[in-house]
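The values are calculated or read from the model by the stated rules, or taken from the named source; none is laboratory data. All values derive from a computational prediction rather than experimental measurement. FYI the Cβ positions are ideal-geometry reconstructions off the backbone, even for glycines, and counts take in every protein chain you see.
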């Protein structure tokens, strides 16, 4: 009976660790810190429990993984599966941490444990620096790299501050940068200074058009987007699109920056990547 109680405490401890990581580490600004923290926390706890407890290693590992999934999967269900896809790499890293801690305990000897450590560091490096960025880009922009070369949508329209209508025909023979945003997007506002710098750099170039495309929310009032941009003293042009325009351009997250030329979508990503791409395209 005593060991049964100990076993059932493992899923609870595993779920609690996931909760702590979600509340604390993900609030930091250090890139990939949540990956490394999640890995090392689960690795250390698994190894510590197996070292101190007289319990079956396989069963301990199994119960930790069950606890991890029992808390993680319901959260994904309530948040929405599509919205939670971006954090799947973190979950995989935490599972990897559990398995590594188990292997570190089972494999005896300095050589084997050193080998496990080096392999784990290598996998963490590749996963966080190569694989995870591709996955994040895909969940945000539905492509693994920002560059595209597809037919631009037609049949859309947007409106300027003076209520003039603009459409695909308005941008013939131009390089066009659309930065899609909405008034509820905090990341959009943090990226606006970069959009402003990009606009300032090319505003005198008649072959390049840079515009922030606002997709209104239901709660937005008339002229709200223009008022916000004016209050924040940005000078880049703003046009008001529609939900339909966002769908036509396959915008799935905000902000999304799209570069067009000759009725082709050449780029879909964030403003930082767009600025680098534009420097090459504008040559």
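Here is how the numbers come out for the structure above:
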item: Residue count, the stretch 23-68 (criterion: loosely packed, with under 15 Cβ neighbours inside 10 Å and either touching a strand residue (DSSP E or B) at 6+ places or on another chain (Cβ under 6 Å) or modelled with pLDDT of 80 or more (or both)); result: 8
item: Some residue of the stretch 110-133 being assigned by TED's automatic domain parsing to the domain that holds residue 37, within 30 Å of residue 243 (Cα to Cα) and outside any helix (DSSP H, G or I); result: no
item: Residue 241 vs. criteria under 28 Å from residue 133 (Cβ atoms), touching a strand residue (DSSP E or B) at 6+ places or on another chain (Cβ under 8 Å) and in the same structural domain as residue 151 (by TED's automatic domain parsing); result: no
item: Strands (runs of 3 or more DSSP E) (entirely within the stretch 199-283) containing at least 1 residues that are surrounded by fewer than 21 Cβ atoms within 10 Å (Cβ to Cβ) and without any contact (Cβ under 8 Å) to a residue 24 or more places away in the chain; result: none
item: Unique match (being surrounded by 16 or more Cβ atoms within 10 Å (Cβ to Cβ), in contact with a helix residue (DSSP H, G or I) (Cβ under 7 Å, 6 or more places away or on another chain), at pLDDT below 85 and closer than 30 Å to residue 269 by Cα) among 124, 71; result: 124
item: The stretch 50-74: number of residues that are within 16 Å of residue 94 (Cα to Cα) and in contact (Cβ under 8 Å) with a residue 12 or more places away in the chain; result: 11
item: Members of the stretch 243-256 found to be in contact with a helix residue (DSSP H, G or I) (Cβ under 9 Å, 6 or more places away or on another chain) and closer than 12 Å to residue 217 by Cβ, listed by number; result: 254
item: Hits in the stretch 147-169 - residues which are within 13 Å of residue 213 (Cβ to Cβ) and without any contact (Cβ under 8 Å) to a residue 60 or more places away in the chain; result: 167
item: Residue in the stretch 127-142 that is closer than 26 Å to residue 282 by Cβ and without any contact (Cβ under 8 Å) to a residue 24 or more places away in the chain present; result: yes
item: Per-region count, the stretch 138-156, residues in contact with a helix residue (DSSP H, G or I) (Cβ under 9 Å, 6 or more places away or on another chain) and surrounded by 15 or more Cβ atoms within 10 Å (Cβ to Cβ); result: 7
item: Index of the failed condition, residue 184 passing every other in (1) farther than 22 Å from residue 162 by Cβ; (2) surrounded by 13 or more Cβ atoms within 10 Å (Cβ to Cβ); (3) within 25 Å of the chain's Cα centre (by Cα); result: (2)
